[in-house]
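Read the structure below first, then the notes.
The values are calculated or read from the model by the stated rules, or taken from the named source; none is laboratory data. Keep in mind the model is a prediction, meaning the values are calculated, not measured. So basically every Cβ, Gly included, is an ideal-geometry build from the backbone, and we count neighbours across all protein chains shown. For the accessible areas, the whole protein counts, side chains as well, though only heavy atoms, and no ligand, DNA or RNA atoms are used. Shrake-Rupley method; radii C 1.70, N 1.55, O 1.52, S 1.80 Å.
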Amino acid sequence: MQPMSAADIRERFQRFFEARGHTRVPSAPILARDDPTLLFVNSGMAPFKRVLTGEDTRDYVRAVDAQLCLRVAGKHNDFEEVGRTPRHNTLFEMLGNWSFGDYFKRDAIHWHWELLTTELGIPPDRLAATVYTDDDEAAAIWADEIGLPPERIVRWGNIAAGDEQNFWSMGDTGPCGPCSELHYDRGAELSEGPECIPDHSEHCPRWLEIGNLVFMQFDRAADGTLSPLPFKSVDTGTGLERLASVIQGVDSNYRTDLFAPIIERLAQFIGHDPETVESERFSYQVVADHSRAMTFLLAEGVTPSNEGPGYVLRRIIRRAVRHGRLLGINGPFLRETAGVVIGLMESAYPYVRSSADGILSAIEAEEEKFARTLEAGGARLNELVGTGHAINGADAFRLHDTFGFPIDLTIEIAAERGVTVDRAGFDAAMTEQRERSRGEERGAFAALAEVAALRSEFIGYPNETSADDLRILAVVPGEPTAVVLERTPCYAAGGGQIGDRGELGGVDGRLRVDDTQRSGDAIIHLGALDGELRVGDAVRGEVDEARRWSAARNHTATHLLHRALRDVLGEQAKQAGSWVGPDALRFDFPAQAGTPRDAMREVERLVNAQIRRNATVHPQLMPMEEARALGADMFFGEKYLPESVRVVRVDGYSKELCGGTHVAATGQIGQFVITGEASIGAGLRRIEAVTGVAAAELVGTRLEALRAAAQLLGEREENVPQRIEALLARVREAEKAARAPRSGAARLDAAAALQGAQQAGETRVIVQSYPDADANALRGLADDLRGMTGRFVLVTAGGAEGTPSLLVAASRDLAGEGFDSGAVVRQAAPIIGGGGGGRPDLAQAGGRDASRLDEALREAGRLALEALQRIEAA
């Protein structure tokens, strides 16, 4: 008989509680954008935090879910333990059932006992329970009603003495209560002595915690006093991976059917036999775990970057790549393991399948980028480790900033060689850099935090722009002043759309609203106050109507653009970010290469066809499940409540979950023009566009420019491009002749320069001195290289007739990615007593001191290589 699969366990858990009056709630996104205290959802409780505190309500009092969680940062950080122990994972699923002021301890305990022993078939004599020291009620239920023998009930915890075992709290103050944990006895033969008892399971392999029942019944004050809550709640958590290991009879999460197929595919890819797999178990488990985490982060639209969630994703992918190297893999391989993850998880989380192409291509691109990083920075790290001395914080930060080495990877590699890393020094350097780049924060942030617990109602749908009798809930003085209203027609920035501007007018004062933001459930109006506004006052609110309508046109156009892009490029072109303002719109989507011009023209044509249709735009509130059944597009990281989401439908064309403001019919958009498409980072492209009057004015301006060009050229308008190309060809020939060396010496040999080039990733780097060449000859060499090779950097110097010249050039694609030849020249030129500058793709300098030309060349070469490495690591 086959053991029960993890998929069956997940489904049985949820059906069990559905049969007992619980509403099944889908997993919230891993990205915790609605909780400023978290980067990722790290527990089953996180999405329900505001419900448990009474700040939010749902239309049910019982819930059941399987919540995806990620523990890689902050207080709950299992990153370093992953792969080393059988129980720790970065990504895991927390099965939970919830009571919000409904049932309490008796039902929670009885149902979990029934679930584990009857529904899932775990032998009762293998289970033990822990309770808080003075929780006599829970202890009596376990002993007298469930029938657990005394030796299987353990009491722990004393919050008065600082021991918070078996006592859960949301923070230093607020809702809290005793816990009762369920532990599985894996056998007395695994005991490590008398200290091996339930609640010490992390230190003894005999006991495995498989569930925690939290009974929230108190409100803790700042002085530690516990007062009864107005309603009691139950919060339970059962890790699917641990539960599967028990039911499937294995000693590790990594031997369950959630991980074993990933490890088997990796072994097959490498060609390892089972014995080799066991000898390399640590690296196999790291790769299997990280493949799951990266797959789900990419499916939620996170892309590798150097900050925030993108940096965490980059760390995960790069740690997996390094462990692949330790297993002997030198090329890309993670698409193999991620493909298995998609196959294992698509039935429970269908979006991983629909995002598969984008996930796999993004993983491969990051693998290739990190391979270049390992080449560039590996030698420097080996130098540091080879000294045998601790790596100081400045060097660790340089590895991160210049070469793209995540700090945890530096620590791990160094530790393998017995070398420590000054993590505190690294953190200090990182903080200093962030402070430099962040600049001054807006004074409004303090106001946002102060009023976040208030609740405002937005009354501006569909496009209401004024209202009377709006009561003030809070006024926070400052620059800007912040005002919170009970109701407001002002739209708070969200979903990519900017906040409204307008005015709040009262009897004794007036606020010019320069921006509207949201913090929690509070809508905050920020601006300059003239006179006085007081809490409790009633004011009239007026929105800048022209600006609102322009934003609405652009927002609806963004929906049309999203659908058109997917129709032309494929379903992988999903929204990865957007900005909707009154003057323009931006739309970000995953792609590994630029969008062909023909495709962009087709996207623009499709959007304008929908505008000419004058299709009706239908905003509608509905339950999440109904929206899913309708096929509405939804985006991870946005806050969606399962009982009520807003779907915006363009009749017969698109359906998206959206809280923004929109036109009533697409014809009100007027016109749509794409103004640009470009890369904004690895694997991400951005389209910029305008609509309405701005689009009409842009078309008119461009037509007038075309007419003027045709008149100057003496050509018909349709022949202007060909005529310009012919003229440019003549100009290039003239420039080429003008750059020929004045002395009549032979042209510098570009082919020979390429033969001596160094390879840095995909870039050919040439650092060469030509003592008899002048500035014209150096420029000619740069031009010749552009015609002979692709991605290159040239750093060269000449000293004809005793006059020193320095030149730095780069291929235009590198310049477009941020390489700045001018910056390199400006820093190196003072060495030869001169100055210079130029464009990102070509810059020159002259000087007076020819004796230091070689020194200037070396410095320019070093600066250019560092700039290149930063780009390759980004």
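See the values below:
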| item | result |
| --- | --- |
| Every pair of residues 6+ apart whose Cβ atoms lie under 7 Å, when the first sits in the stretch 138-161 and is closer than 19 Å to Pro123 by Cβ and touching a residue at least 24 places away in the same chain (Cβ under 8 Å) while the second is among the aromatic types (Phe, Trp, Tyr) and open to solvent by less than 30 Å² (accessible area, probe 1.4 Å) | Ile153/Trp142 |
| Failed criterion for Val250 (all others in (1) more than 20 Å from the chain's Cα centre (by Cα); (2) aliphatic (A, V, I, L, M); (3) in a helix (DSSP H, G or I) hold) | (3) |
| Residue under evaluation Gly478, criteria (1) of a type outside the set (Val, Ile, Thr); (2) surrounded by 19 or more Cβ atoms within 10 Å (Cβ to Cβ); (3) at pLDDT below 85, criterion not met | (2) |
| Options Ile270, Ile263: the member that is hydrophobic (A, V, I, L, M, F, W, C) and closer than 14 Å to Val340 by Cα | Ile263 |
| Residue within the stretch 667-674 that is surrounded by 19 or more Cβ atoms within 10 Å (Cβ to Cβ), aromatic (Phe, Trp, Tyr) and either more than 24 Å from the chain's Cα centre (by Cα) or at pLDDT 95 or above (or both) present | yes |
| Scope the stretch 768-781; condition outside any helix (DSSP H, G or I) and surrounded by fewer than 21 Cβ atoms within 10 Å (Cβ to Cβ); matching residues | Gln768, Ser769, Tyr770, Pro771, Asp772, Asp774 |
| Tabulated pairs, the stretch 803-826, first over 17 Å from Ala757 (Cβ atoms), second open to solvent by 50 Å² or more (accessible area, probe 1.4 Å), C-beta under 6 angstrom, 6+ apart or interchain | Ala815/Pro840; Asp820/Pro840; Gly822/Gly838 |
| Matching residues, the stretch 203-253, being aromatic (Phe, Trp, Tyr) and open to solvent by less than 10 Å² (accessible area, probe 1.4 Å) | Phe215 |
| Test for Glu532: is it over 25 Å from the mean Cα position of the chain (by Cα), under 25 Å from Gln668 (Cα atoms) and surrounded by fewer than 18 Cβ atoms within 10 Å (Cβ to Cβ) | no |
| Extreme residue, surrounded by the most Cβ atoms within 10 Å (Cβ to Cβ), among residues of the stretch 784-802 that are out of contact with any strand residue (DSSP E or B) (no Cβ under 7 Å at 6 or more places or on another chain), under 19 Å from Gln758 (Cα atoms) and of a type in the set (D, E, K, R) | Asp784 |
| Residue in the stretch 676-684 that is closer than 19 Å to Gly495 by Cα and of a type in the set (A, V, I, L, M) present | yes |
| Conditions (1) assigned to a loop (DSSP other than H, G, I, E, B); (2) out of contact with any strand residue (DSSP E or B) (no Cβ under 6 Å at 6 or more places or on another chain); (3) open to solvent by 60 Å² or more (accessible area, probe 1.4 Å); number of the one not met by Gly121 | (3) |
| Test: Trp111 is on the phi < 0 side of the Ramachandran plot and part of a helix (DSSP H, G or I) | yes |
| Residues satisfying the stated conditions in the stretch 552-564, i.e. within 27 Å of Asp357 (Cα to Cα) and open to solvent by 30 Å² or more (accessible area, probe 1.4 Å) | Arg563 |
| Test for Gly496: is it surrounded by fewer than 21 Cβ atoms within 10 Å (Cβ to Cβ) and at pLDDT below 95 | no |
| The stretch 282-324 - residue that is touching a residue at least 12 places away in the same chain (Cβ under 8 Å) and of a type in the set (D, E, K, R) and, of those, most open to solvent (accessible area, probe 1.4 Å) | Arg315 |
| Whichever residue in the stretch 5-28 is modelled with pLDDT under 95 and under 15 Å from Ala348 (Cβ atoms) and, among such residues, is least open to solvent (accessible area, probe 1.4 Å) | Val25 |
| Tabulated pairs, the stretch 854-869, first more than 18 Å from Arg791 (Cα to Cα), second among the polar types (S, T, N, Q) and outside any helix (DSSP H, G or I), C-beta under 7 angstrom, 6+ apart or interchain | Asp854/Ser769; Leu857/Ser769 |
| Residues within the stretch 803-815 that are closer than 14 Å to Thr763 by Cα and surrounded by fewer than 24 Cβ atoms within 10 Å (Cβ to Cβ), tallied | 4 |
| Residue in the stretch 821-841 that is farthest from the chain's Cα centre (by Cα), counting only those that are under 21 Å from Met788 (Cα atoms) and open to solvent by 20 Å² or more (accessible area, probe 1.4 Å) | Arg839 |
| Whichever residue in the stretch 360-403 is open to solvent by less than 30 Å² (accessible area, probe 1.4 Å) and among the acidic types (Asp, Glu) and, among such residues, is farthest from Asn306 (Cα to Cα) | Glu367 |
| Among residues of the stretch 57-80, those that are modelled with pLDDT of 70 or more and either under 20 Å from Tyr254 (Cα atoms) or open to solvent by 40 Å² or more (accessible area, probe 1.4 Å) (or both), counted | 12 |
| All helices (runs of 4 or more DSSP H) inside the stretch 299-363 with 3 or more residues being modelled with pLDDT of 90 or more | 308-326, 334-345 |
| Identity of the residue in the stretch 156-168, more than 15 Å from Leu213 (Cβ to Cβ) and either open to solvent by 50 Å² or more (accessible area, probe 1.4 Å) or assigned to a strand (DSSP E or B) (or both), that ends up modelled with the highest pLDDT | Asn158 |
| Which numbered condition Ile197 misses (of (1) among the hydrophobic types (A, V, I, L, M, F, W, C); (2) open to solvent by 40 Å² or more (accessible area, probe 1.4 Å); (3) under 24 Å from Leu95 (Cα atoms)) | (3) |
| Evaluation of Leu39 against (1) open to solvent by less than 50 Å² (accessible area, probe 1.4 Å); (2) modelled with pLDDT under 90 (one fails), failing number | (1) |
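Residue by residue, here is whether (1) assigned to a strand (DSSP E or B); (2) under 30 Å from Gln668 (Cβ atoms); (3) open to solvent by 20 Å² or more (accessible area, probe 1.4 Å) holds:
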| position | (1), (2), (3) |
| --- | --- |
| Arg471 | yes, no, yes |
| Cys490 | no, yes, no |
| Glu503 | yes, yes, yes |
| Asp514 | yes, yes, yes |
| Leu526 | yes, yes, no |
| Ser550 | no, yes, yes |
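A quick yes/no check of all residues on (1) open to solvent by 50 Å² or more (accessible area, probe 1.4 Å); (2) of a type in the set (A, V, I, L, M, F, W, C); (3) over 32 Å from the mean Cα position of the chain (by Cα); (4) modelled with pLDDT of 95 or more:
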{"position": "Val693", "(1), (2), (3), (4)": "yes, yes, yes, no"}
{"position": "Leu698", "(1), (2), (3), (4)": "no, yes, yes, no"}
{"position": "Leu706", "(1), (2), (3), (4)": "yes, yes, yes, no"}
{"position": "Leu712", "(1), (2), (3), (4)": "yes, yes, yes, no"}
{"position": "Glu715", "(1), (2), (3), (4)": "yes, no, yes, no"}
{"position": "Glu718", "(1), (2), (3), (4)": "yes, no, yes, no"}
